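Inspection log for the structure reproduced underneath, given as structure tokens.
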Amino acid sequence: MAQVNTAKLHASNRQAGRKTGGSVAIFLILAILGLFMALPIYLTIVMSIKPIEELFVFPPRLYAARPTLDNFRDMFRVLHQNRVPFSRYVFNSVFVTAAVTVLQCFFSSMAAFVLAKCKFPGGKIINGIIVVALLYQSNVIYIMQYIVMAKLHMIDTYTALIFPAIASPMGLFLMRQSISQVPDSMIEAAKVDGAGLFRICWQVVMPNQKPALMTLIIFAFQGAWNIQTGSVVFREEYKTLPTVVSQAAASGLARAGVAMAAAVFLLIPPIVIFMLAQRQVIETMAHSGIKD
């Protein structure tokens, strides 16, 4: 009897050792991947605090020998030299980003609900078109978008930046896949209680789609924050912050430090939104569940 208990104890110890070894291996792999993902952010921050003479040292150093904040001061000084104040560029970026994020989530959610839970002729064809649209970049239809916006007199307005970014095949596909997992019995019960489609969408289905909505907010905010005016906005007072920063960075090697400082400045809002939304995604996925 003692030998049997000893054998069971050894077996359980071996099993616990294997689980511990597997957990340590997974932790090491994730730690290495995390370091690779954090390396570009680290290099951007280090480059932004290097003086101009250290930016072109070869081989490049992973640290700043004489850190300085002159690049950030030069960034504000260069951007203030334009006839439009720096605060105007910040307002343009914030306004465009907020409008695109809200409208993209609103229209993607409603369209995804219809495609996932409403049966109508041509629904499968539309879903197939959405999947195919995921393969194309927006640059493919840029000329057509410009012609449409020119015909509608939207050039040199905020709408030229907001409207093309509202339609997102990725966001629509993401929300459709998430909403399709909602049990049909829940929707049928809401219909029996007299709820219409609009009320079912926003009061029954959407409260259970917080993980997908938070993910969509992350992608929508990141894409909208990096919107550049290109050739649809020529008036200086409507240009976004990334556009002005790219123009300053293209002025020459002397402004390389300014470009790095501006990159750090542009990195802050997406990182903050990602951290806030990620926390809610994890909490929602841990505490929510739908059973048919």
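Condition first: within 30 Å of Arg88 (Cα to Cα) and of a type outside the set (Lys, Arg). Can you find one or more residues in segment 123-137 that meet it?
Yes, segment 123-137 has at least one match.
Out of Val100, Val114, Val78, Val57, I need the residue that is more than 22 Å from Pro270 (Cβ to Cβ) and at pLDDT 80 or above. Which one?
Val114
With respect to Phe106, determine if the residue is open to solvent by 30 Å² or more (accessible area, probe 1.4 Å) and either modelled with pLDDT of 85 or more or in contact with a Gly (Cβ under 8 Å, 6 or more places away or on another chain) (or both).
Yes; evaluated as a whole, the condition is true for this residue.
Would you mind stating whether Ile200 is assigned to a helix (DSSP H, G or I), within 30 Å of Leu241 (Cα to Cα) and open to solvent by less than 60 Å² (accessible area, probe 1.4 Å)?
Taking the combined requirement at face value, the residue does not satisfy it.
Counting only residues that are open to solvent by less than 70 Å² (accessible area, probe 1.4 Å), touching a residue at least 12 places away in the same chain (Cβ under 8 Å), part of a helix (DSSP H, G or I) and under 15 Å from Ser93 (Cα atoms), how many does segment 143-165 have?
4
When you scan segment 205-215, do you find a residue that is surrounded by fewer than 14 Cβ atoms within 10 Å (Cβ to Cβ), in a loop (DSSP other than H, G, I, E, B) and in the same structural domain as Arg88 (by the TED database), even just one?
Checked against the condition, which is being surrounded by fewer than 14 Cβ atoms within 10 Å (Cβ to Cβ), in a loop (DSSP other than H, G, I, E, B) and in the same structural domain as Arg88 (by the TED database), segment 205-215 yields no hits at all.
Return the only residue of Val131, Val140, Val100 being in the same structural domain as Gln222 (by the TED database), surrounded by 16 or more Cβ atoms within 10 Å (Cβ to Cβ) and either out of contact with any helix residue (DSSP H, G or I) (no Cβ under 8 Å at 6 or more places or on another chain) or assigned to a helix (DSSP H, G or I) (or both).
Val100
State whether the residues of segment 110-127 include one that is within 30 Å of Gln247 (Cα to Cα) and among the polar types (S, T, N, Q).
Among the residues of segment 110-127, not one is within 30 Å of Gln247 (Cα to Cα) and among the polar types (S, T, N, Q), which makes the answer no.
Does Ala220 satisfy being open to solvent by less than 50 Å² (accessible area, probe 1.4 Å) and within 17 Å of the chain's Cα centre (by Cα)?
yes
Which ones in segment 223-241 are of a type in the set (Lys, Arg) and open to solvent by 30 Å² or more (accessible area, probe 1.4 Å)?
Answer for segment 223-241, where residues must be of a type in the set (Lys, Arg) and open to solvent by 30 Å² or more (accessible area, probe 1.4 Å): just Arg235.
Filter segment 1-54 for residues that are farther than 30 Å from Ala259 by Cβ, at pLDDT 60 or above and not in a helix (DSSP H, G or I) and give the result.
none
Here's the yes/no breakdown for (1) in the same structural domain as Ala259 (by the TED database); (2) in contact with a Pro (Cβ under 8 Å, 6 or more places away or on another chain); (3) open to solvent by less than 90 Å² (accessible area, probe 1.4 Å):
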residue: Ala25; (1), (2), (3): no, no, yes
residue: Leu28; (1), (2), (3): no, no, no
residue: Ile45; (1), (2), (3): no, no, yes
residue: Pro51; (1), (2), (3): no, no, yes
residue: Tyr63; (1), (2), (3): no, no, no
residue: Phe76; (1), (2), (3): yes, no, yes
residue: Leu79; (1), (2), (3): yes, no, yes
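The values are calculated or read from the model by the stated rules, or taken from the named source; none is laboratory data. Keep in mind the model is a prediction, meaning the values are calculated, not measured. FYI the Cβ positions are ideal-geometry reconstructions off the backbone, even for glycines, and counts take in every protein chain you see. Note: areas computed on protein heavy atoms with side chains; ligands, DNA, RNA excluded. Shrake-Rupley method; radii C 1.70, N 1.55, O 1.52, S 1.80 Å.
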